[in-house]
Structure formats: C-alpha cells, structure tokens
Amino acid sequence: MTKTLIPDAALDKHVALLGMTGAGKSSVIRAAIVEPDLDADRRDMIITPKDDYWGLRLSKNGKSKGYDIPIFGGWHGDYPLNVKDAALLAETYATMKGSAIFVTSRLSVQDRARWFAAFAETILSKNKGWARLVIDEAHVYMPKQGGKGGGAIPMALHAGNELVSQGRSLGLRIVLASQRSAKLHNDALTQCSCLMAMMLMAPHDRDAVKDWIEDQADPVKGREIIASLATLKEGQAWVWAPRAKMLEKIQFPMPKTFDSSAAADEDSGDGPELTPINLDALKGKLATVEAEKKANDPKELKTALAARDREIAELKRAVTATPVADSKAIETAERRGFARGVGLACRDLAVFKDAIEGSSMRLGFAFATWDNARSSALSTVETAQASLGKLLNAPSPRPAPSVSPRTPSYAKPAAPKGNGDASGDDRPLGAERKPLAALAAVHPAGMTEAQWAVSSGLKRTGGTWSAYVSRLKMAGRFAQQGDLYFVTDKGLADLGEVPAPLPSPGRDLVEFWAGKINGVGPMIRRLADVYPDYLTKDQLAADLNMAASGGTFGAYLSRLRSPGLIEEDRDKNVRAAPQLMEGV
C-alpha cells in the first residue's frame, strides 16, 4: 500500500502542480496522487502529451508487473489513440469502473486539440461518480493564448476551462500539471484549491504562482514560498491547501513503480517491456457503449426509419406489380434478364473504352491523361449496372437488339482557371523547383510564407519570389490553409524526388536556419544556449559585442522574427521560439 503523504482533504478538490523540467513533477504525481488512488481502487484517467507514464505497469525495478492500467496511444499503447474515438473512450470510462492512460504524443497539434476537446466535452456530460483526471502539461491543451490560436485550439481551450469549472460538481477531481505555468490559461489555474509548487526558475512562471496565492491564499505567507521556488530540490514541493488548512514543504519519495521518465531509450534495446493485459472486458464495454450511442442517436434512428419505410414501400410495389406466375417461369425470366444485363454492360464498356483509346490522341487537352478517361468509363459501367438492376425487375424481358459499336460524342471541356495560358499549368519545373523542394521538406506539415521564403533562400518582397509562387499556384503544386502553405500531391509528383527533411527541433534545426539567414548565426545560437529563458535586448547585444540600439542588431532580430524563430514577452525580452527548440 502506498503511503499517503497529502491528506484527502487537500486533494479532494482541483490541484495545480507547477514545476519546471527536471523538478520531478511526473514522479510526484505518481507517488503522491496516482499510486494512492490505484491502491484505494479509485478511478484515475491520465491525459499526457509525453510517453512517460507507462512505468505504472511495472514494479520499481522493472522486472515484475505493476498496475493493470490500459494505455491508449504513444509508443507503449495497448490501443491506438484516434481522434474519431475520443468521445467513445470518454463515455466508456465515464460510465465504468477502471483507470486508463491517454497519450497524445503521436497526434499532430490540431488532432491533439480535437481529441482533447471531444474527450473533455463528453467526460463532463457523461461522468458518473468519483474520478480523478490528471492533465499533464496542461498548458499544451489549455494555453493562455489559445483563444487566438487557429483550427481546433480555441475549442480545446474552451472545453478544458468548462471541464475545470464544472467538473467538481459532477464528481471529477482534476490535477493540472505544467512545466510552463506562465503558459497555462488563468481561468483554469484559478479554479484549483490546492497548489503544489515545485522548482521554478523563470520569473514569469513564478508570477503565475504569485497570482494564485493572491487569489486563493495569504500574500504574506506566499512571499516565503515564491522566494524559495528557485532553490527547491528535485521531488520537493510546497503543498498549500488553504481550505484544508495545510501549508507544508514536503520531500516526496520516488514512486513505487518503474521510473519510465528516466528509462533508457527504446532504440537501445535496454528498457523493460510491458506484459500485455487482458482487454476483453474493455473491448466488450467499448462495443456496448458504441452500440447504445448509435441506437440513441436521433440521426441513426431517423436513417433506420427511413430505410424501413423505403423497404416497406418497395415490398408493396412488388406485391401489386408482380404478375402471378409459376416458379419455373420466374426463374427462367431472372436468368435471361441477368444474362442480357451482363451482356449490355460488357458491350457498353468495350465500346466506350475503344472510343476513348481511339479519340484520346485527337482530343488533346480534353483527354490528356488516361485517368480522366478511366473515370468516365467507370461512370458508364455504373450506369450499365443501374440498367441491369431495372432489367432484373422487369416482368417480361425482350431480346437485346443488335447494336453496332459507335463512337460517343463529348462536350468541350471548360477552360482551366488561371491566367489564360493553359499550357503553363503543366509545364516542367524550372527555377521554381527550389522553393517547391523547400516546402516538400516539411511535408505533411506546412510553413508560413515567411518561413517558406527564408528556407528557399529568397526575399519574400522580391519579384522573383512572387513569380515563382504564381507559377506553382497556377500548376496546383501547393495549397494554402490559413497562414500555412502545404505541398500538394501533384507538387510532390512533379518534383520527382524526396527532398531531405528539415532537422528535428533542437541544435540541428538551429544550425539549419542559421545557415539560411545571413548574419544571424551567432544571435540564434546564443538564444538557443539559454533556452527556455529570455534575454533582455541589452543582454543579448552585450553577449554579441553589438549595440542594442544599432541598425544591424535590429535587422538581425527582424530577420529572426519574420519567420517566427524568436518570440518576445510583454517586456520585449527575447528568446528562441519553442517550436525551434522543443524536444531538446
């Protein structure tokens, strides 16, 4: 049995656990919250963008079993995690006794937001009874600037805030854990009644703790805590639950399960392997919930009733229209009708294919590719199949007339949209191959126009760039969604090669951009050295032996700001952008 280090009164409401990378958040969550819950047979659901909670399945030394808790998604998942299944999983675990780990690490940013929004909305509306919901790295799902984000990010933020504000009354106890407390939305943070503050070095992250203390507790006592945050040891935390009358600094022990956050890399082959667990009961529950959901869905009921009405109407028509005949006559008519219909279908297809092959060379642009002809041929086959269905229901088939092959006529195709030069749409790649290859290097992701131009080695404001983009657009070799540009399948096919992908976030990606943007190498390398901390512009200029007020210094900052490689806080301090460094 895991020793309880924090009384239930302090954990019986929402908890905020804040600490920087390396402070030991995951270990404290397991040792102080999750393991005691699982020992008490309580229901815990863990949502995490990191693949480091699978150690709950193993003993401390990794050589024997731990808890039988299913894992969805990630590299150790028993089940894959798909966006389309989010609501089903939430409804299943909202109505059953059992715990689970949901790992969103292998989803894209937008799919992660869609999954979280659907899960949060469903668990809030369907949950029955006591349940703990641990949201690790909560700033990823409920970012402070999420309302200004694109795609599904605002939807995820809204669903998460609703979950925190209303979940307690529906039996949910929520733990919001974050290494970037300054990035976590205030509406979520202020709903927590218990604070577990661990080591925090960044001033903005400590400010988030200060804001919570001013809203929930005593600012005088809070000053002692804030002053000590930068010097706390790994696994050490201030636990402050004012309503439970608890304020204590605790050195938490390591979890009794395997420390998967510090395990060897999978590729080394040294890490332990998980023993599969029996998921038959879970599969049955998932199937039951899905069936009940479909049965109670008004759209499904409406569709089923419409299908039933159509079937009844067809049966009535068949009864009133079918003449009385003996079984042999009916069987003979069916065979003759089937044979006639198959013959007509084969004949029409052969005639149409011959016509296509004979006329494709003459019709030029209208039939430039066999794919267009094949699509038209398939449409003709579908028409023949429909005719066949009618023939099978005919009461008295007639012999098929002898028809000689004929060449079908075609309407002149509409002129392609563009600048009027149809031949320019499919002309071979010229000098615009370079920007197309740069865009293909990040496929299936996209880039802003500024990032695209920089990675192509071109000026976005120049006439050459505009000309290249215009040619690629006319040929349909890229697509635009919002502020992002994506290479299309046609663009990849025309390129005819797979360009080297962009390096992964970290030093290699820093060096890639340093080589692409003239003069900024020392500046971006210095910002990478101190990441995730910010530098004032005076500090950065002094480190580079430059003048902060000089035109060269400002020009270099502008060159990094335009493609989104740096970010500034409200005091205009500068640091490397997280998307450049995440994963370091």
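Just a few scattered comments:
- Boolean, Leu88 is more than 20 Å from Ile174 (Cα to Cα) and not small (Gly, Ala, Ser): yes
- Complete set of residues in segment 556-584 that are surrounded by 13 or more Cβ atoms within 10 Å (Cβ to Cβ) and small (Gly, Ala, Ser): Ser562, Gly564, Ala576, Ala577
- Checked against the criterion of being in contact with a Gly (Cβ under 7 Å, 6 or more places away or on another chain), under 18 Å from Val175 (Cα atoms) and not β-branched (Val, Ile, Thr), segment 224-235 contains one or more residues that satisfy it.
- Single unsatisfied condition, Gly167 versus (1) in contact with a Phe, Trp or Tyr (Cβ under 9 Å, 6 or more places away or on another chain); (2) part of a helix (DSSP H, G or I): (1)
Taken together, the values in this text are just the output of simple stated rules run on the coordinates, not laboratory data. The shown structure was predicted, so the numbers you read here are calculated from the model rather than taken from an experiment. Please note: Cβ atoms are built from the backbone with ideal geometry, for glycine as well, and neighbour counts cover all protein chains shown.
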